[in-house]
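Take a look at the structure below.
The values are calculated or read from the model by the stated rules, or taken from the named source; none is laboratory data. None of the values given here were measured: they were computed from a predicted structure. Counting neighbours? That spans all protein chains shown, and the Cβs are built from the backbone with ideal geometry, glycine included. SASA here: full protein model, heavy atoms, side chains in, ligands and nucleic acids out. Shrake-Rupley method; radii C 1.70, N 1.55, O 1.52, S 1.80 Å.
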Amino acid sequence: MVEDLVPIFICCVLPIAIVLIVSLVKINADRQRSNIIIKAIEANNEIDADKLAESLKKPQRTPLQILNLRLLRGCIFTLIGIGLVICGIVANNTEVEFGEDPVLIPIIAGSLSLAVGISYLIVFFVTRSQVNTITESEI
């Protein structure tokens, strides 16, 4: 009975709880921002509500920051993938059968991580020229 509850909690309850917590945090942040704007309007009628709302918005990342994050994530995922694939190959060469967990799981996880990392790097190299032209036109 207890063995059946653990996978249910991990597969069903945990993801629902994570989504619920993230949603409640966002709702709470929006509610606090709206309360600040309402109190500022009540306290002083001459305040510009649009400027106050603009200043309380979450800061947006610049295209260069987004590009640097893509490069960082691409490097991290690629290196993790290469490391896991190497661990799987080493475990396979130490007389462990390919279908067993010490070999199969690192190779699968490593290949998935490697694919994600390479895709981030591809997007980085493709969008790099676009971001360079945007930053040059702003200067």
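What the table shows:
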{"item": "Candidate set from segment 15-56 (those that are at pLDDT 80 or above and of a type in the set (Lys, Arg)); member that is farthest from the chain's Cα centre (by Cα)", "result": "39"}
{"item": "Options 39, 26, 51, 58: the member that is within 24 Å of residue 134 (Cα to Cα) and free of Cβ contacts under 8 Å to residues at least 24 places away in the same chain", "result": "58"}
{"item": "Any hit, segment 115-127, residues being among the β-branched types (Val, Ile, Thr), closer than 30 Å to residue 33 by Cα and modelled with pLDDT of 90 or more", "result": "no"}
{"item": "From 52, 67, 72, residue being assigned to a helix (DSSP H, G or I), within 30 Å of residue 122 (Cβ to Cβ) and in contact with a helix residue (DSSP H, G or I) (Cβ under 8 Å, 6 or more places away or on another chain)", "result": "67"}
{"item": "Selection count where residues are under 19 Å from residue 83 (Cα atoms) and either surrounded by 11 or more Cβ atoms within 10 Å (Cβ to Cβ) or in contact with a helix residue (DSSP H, G or I) (Cβ under 8 Å, 6 or more places away or on another chain) (or both), scope segment 93-139", "result": "23"}
{"item": "Which listed residue, of 58, 39, is part of a loop (DSSP other than H, G, I, E, B) and either under 30 Å from residue 117 (Cα atoms) or open to solvent by 90 Å² or more (accessible area, probe 1.4 Å) (or both)", "result": "58"}
{"item": "Any hit, segment 13-28, residues being β-branched (Val, Ile, Thr), surrounded by 14 or more Cβ atoms within 10 Å (Cβ to Cβ) and in a helix (DSSP H, G or I)", "result": "no"}
